[in-house]
Amino acid sequence: MGPLSLIKGACWLWRGAFALALLVLLGSLLPFYGPATAQRPYRAPQYRRLKGTPPRFRPVGKPSRQVDQQAIALLKQMFHPSADYSGLQRTQIGDRYSEQQIWADTHGRIRIQYLAPPQFAGDIMLILPGHFFDYHARAHRLDVATLPTNQEQKEIRQLVQGIRSGRLQAVVTGEENVAGRDCAIVTILENVPGQPMGIPQRKFWIDRQTGIVLRKEVWNARGMISATYMVNIAIGPEAGVTPQMFSPASLPRAADVKPLFPSERPQFRSIEEAQPHVPFPILKPTQLPEGYVLSGIWLSDTPSNPSVVLRYSRGLNYFSLTERRVLRPNPRARYGPPPMLRGVGARWLQRAPDGSTIAIIYIGHLTPGEFATVANSLQ
């Protein structure tokens, strides 16, 4: 599976309220699809460059240590929008377009429902803290993921470190009205001359009142790579956002559930090989349903508290177990797997042999009996 920067690939989002910020910082190519050759392509209105915006990538001539405090304040506001919102969103890459209805709340939860092009109408994405669901209407398939890729976390750190070190600049480059809202335009660009093909230039139209991003663009030395923008927007109670919209139970029941993994190639092939890289005992099932074997292990690139993903497979069938140490467990928390598997996933806490608390996430399509066999044999 490709990383988030690939078109509607395996999207790996970190925990907490940073899901929206992560999508924005990476340029968010997520909502784009190219038209199918067998059908009439969807045609959106022709893209027009917004007035007052630079037509191409222009690296700064001399490095500068000056920091645009207004830009930093706007970026911080962007990471934590102050209101729920919904609206119609369009995405453009070259001459290809898609159109989506989007709902988002202040907790970093996002629901995206595709309207066009026709071959993707009805597809739904849920982006939640610690989870990603991608329902493919035509294939009647549900892709599920729990972790970001190592590469995406590295890209996020590179952006943050670049701004702090002065290699990247965040500057306010203008103002514009988008979907009826007054926005400040914040541009992130390289601050080192002679490297125009480094990190792509990113531009964000940020609503000054709420911190919501109304438009975002990614540029490189050859021109604009992508643009995603709101056509219309409702904010606050008028947005009609409810908690039920972000429940996996709101998705259509899928015939096939497919766990997603950070890459096709596992980092490790055995528990023994991976264990020295994890600061807690990796729990593994001592009993597996007939035919299932451990086929891959991945670690998240989070030095302070990494997670581990175990993939078990039987032919084309998969299930995954994600494990992460809980640094400050609730003393009243309940331990042990749920008594009954409902749906495609489950969460629970379990004690490790060293006494630490491990949070476990299961994703797959085992029967309730097979799930109980796996969950109750973890040690």
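For residue 356 and residue 267, a Förster radius of 22 Å and the Cβ-Cβ distance give a FRET efficiency of 0.50, rounded to the nearest 0.05. Selection among 267, 360, 288 by position relative to the dipole of segment 232-379 gives 360 as farthest towards the positive end (Cβ unit charges, Cα centre).
Calculate what fraction, in whole %, of the accessible area of segment 227-379 sits on carbon and sulfur atoms when a 1.4 Å probe is rolled over the protein chains.
52
Rounded to the nearest 10 square angstrom, residue 167 shows an accessible area of 80 square angstrom against a 1.4 Å probe. A cut-off of 5 Å between modelled amide H atoms, ignoring neighbours fewer than 5 places along the same chain, links residue 191 with 168, 169. Across segment 182-272, the convex hull enclosing all Cα atoms gives 266 Å³ per residue. Approximating the spin labels as points 7 Å out from Cα along Cα→Cβ, the residue 79-to-residue 367 distance works out to 4.8 nm. For residue 68, nonlocal amide neighbours, meaning residues 5 or more places apart or on other chains whose placed amide H falls under 5 Å from its own, are 170.
Alpha-carbon geometry of segment 224-314: the Rg and the Dmax are 20.0, 54 Å, given in that order.
Legend: calculated FRET efficiency, residue 209 to residue 137, from the Cβ-Cβ distance at R0 = 41 Å, rounded to 0.05, equals 0.70.
Going by a ≥ b ≥ c, the root eigenvalues of the Cα gyration tensor, does segment 293-379 fall in the rounded group (a/c under 1.5), the prolate group (a/b larger than b/c) or the oblate group? Oblate. Restricting segment 290-332 to trypsin sites (Lys or Arg not before Pro) that sit in a DSSP loop and have at most 15 other Cβ atoms within 10 Å of their own Cβ leaves 332. The residues of segment 256-363 expose, per residue, 52 Å² of accessible area to a 1.4 Å probe. Over segment 235-277, the reciprocal of the mean inverse Cα-Cα separation, the Kirkwood hydrodynamic radius, stands at 15.0 Å. Fully extending the segment from residue 284 to residue 335 would add 16.7 nm, taking 0.36 nm per residue of separation and subtracting the current Cα-Cα distance.
Applying the criteria of a DSSP loop state and at most 13 other Cβ atoms within 10 Å to the chymotrypsin sites (Phe, Trp or Tyr not before Pro) of segment 311-366 yields 335.
The values are calculated or read from the model by the stated rules, or taken from the named source; none is laboratory data. Predicted, not measured: the structure shown is a model, and the values here were computed from it. Virtual Cβ from ideal backbone geometry, glycine too; neighbours counted across all protein chains shown. The protein model used for the area step is the full one, side chains on, heavy atoms only, and it has no ligands, DNA or RNA in it. Shrake-Rupley method; radii C 1.70, N 1.55, O 1.52, S 1.80 Å.
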